[in-house]
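The values are calculated or read from the model by the stated rules, or taken from the named source; none is laboratory data. This is a predicted model, so every value here is computed, not measured. Don't worry about glycine lacking a Cβ; one is built from the backbone with ideal geometry, like all the others, and counts go over all protein chains shown.
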Amino acid sequence: MDAKNVSAAKPKIGGSVFVAPLGTKLPEDAKSELDTKFNSLGYCSDDGVSNNNSPETDTQKAWGGAVVLNLFSGKEDTFKLKLIESLNVNVLKTVYGSSNVTGDLDIGLTIKAKNEEPEQFSWVIDMILKGKILKRLVIPCAGITEIGEIKYSDSDAIGYEITFSGVPDETETSHYDYMIKKKEGE
């Protein structure tokens, strides 16, 4: 047991959640610069990011009720966060689809909420752990599978609570975790 191995995650300064079109060059470490095709999704709520990566199993019981076999039936890799920059065009394009958001706030912005399959993106989530450890989650392909209720009130930031699910790549990997200690002067 070592308390030095216990940590918490804070967002990386300058942005922590990014999306890019599928096919964009993905980072393979925790600190390299992202391809310029990655767009920042700005602030997330203070709930941070949740990742559910639990295997699903079915159990086989013998007569009398004893579990005699656990059958692996799959493993969904989902992420959940709340994007609170509701005026960020990149957020809107991620939530509603790139082709469903046109214009800008200066000339007028139009968002079309359509009944269509969600667009898939490559995702990167950057954070800093205790001891200046950089951690980066790279999700090569994921689409939004759920959008929470959007609440408009004068007591809370407008936000998009989204859940997205990683799709395995050619190596059957749905996401990669990279970590490295930040060196002095970096």
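Rundown of residues vs (1) in contact with an Asp or Glu (Cβ under 8 Å, 6 or more places away or on another chain); (2) farther than 22 Å from P118 by Cα; (3) touching a residue at least 12 places away in the same chain (Cβ under 8 Å); (4) surrounded by 14 or more Cβ atoms within 10 Å (Cβ to Cβ), yes/no style:
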{"position": "T145", "(1), (2), (3), (4)": "no, no, yes, yes"}
{"position": "G148", "(1), (2), (3), (4)": "yes, no, yes, no"}
{"position": "K151", "(1), (2), (3), (4)": "no, no, no, no"}
{"position": "G159", "(1), (2), (3), (4)": "no, no, yes, yes"}
{"position": "F164", "(1), (2), (3), (4)": "no, no, yes, yes"}
{"position": "E170", "(1), (2), (3), (4)": "no, no, no, no"}
{"position": "T173", "(1), (2), (3), (4)": "no, no, yes, no"}
{"position": "D177", "(1), (2), (3), (4)": "no, yes, yes, no"}
{"position": "K181", "(1), (2), (3), (4)": "no, yes, yes, no"}
Counting only residues in segment 1-18 that are modelled with pLDDT of 75 or more and in a loop (DSSP other than H, G, I, E, B), the one surrounded by the most Cβ atoms within 10 Å (Cβ to Cβ) is identified as S16
Kindly indicate which of P21, P27 is farther than 30 Å from D156 by Cβ, at pLDDT 90 or above and touching a helix residue (DSSP H, G or I) at 6+ places or on another chain (Cβ under 9 Å). P21
Residue match in segment 75-88 (condition: closer than 23 Å to E172 by Cβ and crowded, with 19+ Cβ neighbours inside 10 Å): yes
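Give the residue that is farthest from V89 (Cα to Cα), with candidates limited to residues of segment 145-186 that are of a type in the set (S, T, N, Q) and not in a strand (DSSP E or B). Full working, then the answer.
Going through segment 145-186, the residues of a type in the set (S, T, N, Q) turn out to be 145, 153, 155, 163, 165, 171, 173-174.
Narrowing further to those that are not in a strand (DSSP E or B): 153, 155, 171, 173-174.
Working: S153: 21, S155: 23, T171: 33, T173: 30, S174: 27 Å.
In this case the residue turns out to be T171.
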Of the residues in segment 117-143, how many are closer than 23 Å to S86 by Cα and exposed (fewer than 12 other Cβ atoms within 10 Å of the Cβ)? 1
Is one or more of the residues making up segment 40-49 in contact with a Ser or Thr (Cβ under 8 Å, 6 or more places away or on another chain), surrounded by 13 or more Cβ atoms within 10 Å (Cβ to Cβ) and modelled with pLDDT under 80? no
What is the one condition in (1) in contact with a strand residue (DSSP E or B) (Cβ under 8 Å, 6 or more places away or on another chain); (2) surrounded by 11 or more Cβ atoms within 10 Å (Cβ to Cβ); (3) among the polar types (S, T, N, Q) that S99 does not satisfy? (1)
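Given the structure, is A142 under 27 Å from V167 (Cα atoms) and part of a loop (DSSP other than H, G, I, E, B)? Don't jump to the end; show me each part of the working.
Values: under 27 Å from V167 (Cα atoms): yes; part of a loop (DSSP other than H, G, I, E, B): no.
No.
Restrict the check to segment 107-115 and report whether at least one residue is under 13 Å from the mean Cα position of the chain (by Cα) and surrounded by 13 or more Cβ atoms within 10 Å (Cβ to Cβ).
Of the residues in segment 107-115, the ones under 13 Å from the mean Cα position of the chain (by Cα) are none.
Looking for residues that are under 13 Å from the mean Cα position of the chain (by Cα) and surrounded by 13 or more Cβ atoms within 10 Å (Cβ to Cβ), one finds none in segment 107-115, hence no.
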